[in-house]
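K.L.:
Let me give you the structure first, and then I'll get to my questions.
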Amino acid sequence: MSSERPLGDVIEALIDHRGKTPKKLGGSFASSGVPVVSALNVKSGRLSFDAARRYVTSEMSERWMPVRLKAGDVVLTSEAPLGEVARVPSDEPLVLGQRLFALRGRADLLDSAYLYHALQWKPVQDRLRARSTGTTVHGIRQSELVRVIIPVPPIIEQRAIAAVLGALDDKIECNNRLHDCSHNLAAALLARVLGETEAEGTQSEGRLEDIAAVNVRKVEPDEGTLRYLDISSVGVGRADEPALMPWTEAPGRARRGVRDGDILWSTVRPNRKSHCLVLDPPPDLVVSTGFAVLTPTKVGSSFLYGITERPEFIGYLEAVAEGSAYPAVRADRFLAAPVWLAPRGVLASYEEETMPLRRRAAAALSETRSLTHLRDVLLPRLFSGELRVRDAEGLVEGAV
């Protein structure tokens with residue numbers, strides 16, 4: 001890289017409203033309105049409101065955010081965790097919550113799309129942590145953030161690097177939209193099925209144990225390797241790539257076996273809604289005992305997945321969770337969960353219509369993991385100068 005400069009020298013705005021809350025401003029959160037972005041919404045390089053969603057009124061947002069966020073602004077978590085980044089997708093109003101900064105590059109010195117990628121480069125992440133404070137929770141203050149050094153090549157080169165990496169980001173985002181659209185369509189079809197069968201009087205109430213089993217496969221340590229999935233790797237409806245490791249290094253919680261069509265639900269903190277549908281798993285996949293593994297017995301996987309992510313099921317889990325700091329749900333509590341059922345023929349039609357959607361969505365996420373890996377390989381090589389932009393363009397064209 002041709003030069004490096006402190007962040008404070010090359011940004012136009014650094015927005016920091018971490019100390020503000022509706023209560024301090026004389027109000028409260030609203031049921032709808034302007035979304036409030038929290039650190040929980042910044043994950044895997046994008047803003048997602050699946051896990052946490054809060055709002056304030058338009059009037060409250062104007063008092064909270066006199067400096068408005070713009071499309072392309074970079075959101076950075078300041079702690080818990082430190083260093084997660086995402087880009088603001090549009091000019092639609094958003095409110096910046098606690099533990100967050102928003103950065104906007106100076107037009108003549110720093111391209112904001114380039115900044116988004118630069119903040120993810122490991123040397124810059126290391127510099128963020130080096131300027132952080134705290135023992136159990138590390139955080140960075142604004143006064144230290146502006147001193148963090150980032151590479152600043154000529155603006156034309158910045159835009160070229162951002163364009164190469166952005167092509168991968170665009171494809172990744174396209175896959176994410178396809179996944180979300182498929183999921184939402186399947187959920188809407190399930191709501192229609194339940195509404196119609198209720199109106200017809202053909203709907204019946206049962207318990208989860210009537211249609212599924214929990215934790216039926218146990219895996220014992222073996223020789224060789226496994227792909228281990230823990231609860232931190234599962235979000236709302238999606239999972240990260242499982243870690244490949246030798247059995248000799250596997251944690252004691254690596255004991256649950258899974259098969260195609262199983263549903264994973266984290267037993268800890270059900271309000272976070274950490275769950276996913278397992279499709280075409282590798283034969284060596286093993287998951288943590290922190291999951292309840294739901295295996296369909298009398299219904300299809302698509303229906304079981306859909307019925308166990310509805311608000312009433314999640315509300316039940318929250319109600320029966322035990323413990324204060326880490327509320328958790330026992331396996332037998334899952335089996336006792338009330339569920340609504342439809343006639344067998346209706347369920348078969350739903351399965352036939354929606355399971356292809358589920359599998360297409362899973363394929364999109366699998367491709368996203370491959371593209372993300374390529375982006376993560378290219379990023380350090382581009383920033384270090386090891387790889388020229390022209391050569392990277394060829395690799396990206398072949399991937400997208």
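K.L.:
Exactly one condition in (1) modelled with pLDDT of 95 or more; (2) under 23 Å from Leu82 (Cα atoms) is not met by Ala188; state its number.
P.N.:
If we test Ala188 against (1) modelled with pLDDT of 95 or more; (2) under 23 Å from Leu82 (Cα atoms), just (2) comes out false.
K.L.:
Considering every residue within region 228-237, establish whether at least one is out of contact with any strand residue (DSSP E or B) (no Cβ under 6 Å at 6 or more places or on another chain) and charged (D, E, K, R).
P.N.:
No, region 228-237 contains no residue that is out of contact with any strand residue (DSSP E or B) (no Cβ under 6 Å at 6 or more places or on another chain) and charged (D, E, K, R).
K.L.:
Filter region 281-297 for residues that are farther than 16 Å from Asn215 by Cα and more than 21 Å from the chain's Cα centre (by Cα) and give the result. Give the steps one after another, and end with the answer.
P.N.:
Of region 281-297, the ones farther than 16 Å from Asn215 by Cα are 281-284.
Selection gives Pro282, Pro283, Asp284.
K.L.:
Give, as residue ranges, the strands (runs of 3 or more DSSP E) completely inside region 161-232 that count at least 1 residues that are within 30 Å of Thr248 (Cα to Cα) and in contact with a Phe, Trp or Tyr (Cβ under 8 Å, 6 or more places away or on another chain).
P.N.:
On the way: elements: 204-207, 212-214, 225-229.
Hits in region 161-232: 212-214, 225-229.
K.L.:
Something else now. Can you find a residue in region 365-377 that is over 26 Å from Ala186 (Cα atoms), of a type in the set (D, E, K, R), assigned to a helix (DSSP H, G or I) and in contact with an Asp or Glu (Cβ under 8 Å, 6 or more places away or on another chain)?
P.N.:
Yes.
Residue by residue, here is whether (1) of a type in the set (Asp, Glu); (2) without any contact (Cβ under 8 Å) to a residue 24 or more places away in the chain holds:
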{"residue": "Leu168", "(1), (2)": "no, no"}
{"residue": "Lys171", "(1), (2)": "no, no"}
{"residue": "Asn175", "(1), (2)": "no, no"}
{"residue": "Val193", "(1), (2)": "no, no"}
{"residue": "Ala199", "(1), (2)": "no, yes"}
{"residue": "Glu205", "(1), (2)": "yes, no"}
{"residue": "Val216", "(1), (2)": "no, no"}
{"residue": "Tyr228", "(1), (2)": "no, no"}
{"residue": "Ile231", "(1), (2)": "no, no"}
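K.L.:
Condition (residue is under 22 Å from the mean Cα position of the chain (by Cα), hydrophobic (A, V, I, L, M, F, W, C) and under 19 Å from Pro6 (Cβ atoms)) applied to region 50-64: is it met by at least one residue? Outline the logic, then answer.
P.N.:
Filtering region 50-64 for residues under 22 Å from the mean Cα position of the chain (by Cα) gives 50-55.
With the extra rule that they be hydrophobic (A, V, I, L, M, F, W, C), the set shrinks to 51-52.
Now drop any that are not under 19 Å from Pro6 (Cβ atoms), which leaves none.
The answer is no, given that none of the residues of region 50-64 is under 22 Å from the mean Cα position of the chain (by Cα), hydrophobic (A, V, I, L, M, F, W, C) and under 19 Å from Pro6 (Cβ atoms).
K.L.:
While we're here: Do you know which of the residues in region 1-29 that are surrounded by fewer than 17 Cβ atoms within 10 Å (Cβ to Cβ) and part of a strand (DSSP E or B) is modelled with the lowest pLDDT?
P.N.:
Checking each candidate, the answer is Ala13.
K.L.:
Among the residues of region 263-312, which ones are assigned to a strand (DSSP E or B), surrounded by fewer than 20 Cβ atoms within 10 Å (Cβ to Cβ) and either without any contact (Cβ under 8 Å) to a residue 12 or more places away in the chain or in contact with a helix residue (DSSP H, G or I) (Cβ under 6 Å, 6 or more places away or on another chain) (or both)?
P.N.:
Listed by number, the list holds a single entry, Pro296.
K.L.:
Only one of Glu351, Glu393 is touching a helix residue (DSSP H, G or I) at 6+ places or on another chain (Cβ under 7 Å), of a type in the set (Asp, Glu), surrounded by 17 or more Cβ atoms within 10 Å (Cβ to Cβ) and part of a helix (DSSP H, G or I). Can you tell me which? Outline the logic, then answer.
P.N.:
Numbers: Glu393 fails: surrounded by 17 or more Cβ atoms within 10 Å (Cβ to Cβ).
The match here is Glu351.
The values are calculated or read from the model by the stated rules, or taken from the named source; none is laboratory data. Computed from a predicted model, the values in this text were never measured in an experiment. For neighbour counting, all protein chains shown are included, and Cβ atoms are generated from backbone atoms with ideal geometry for every residue, glycine included.
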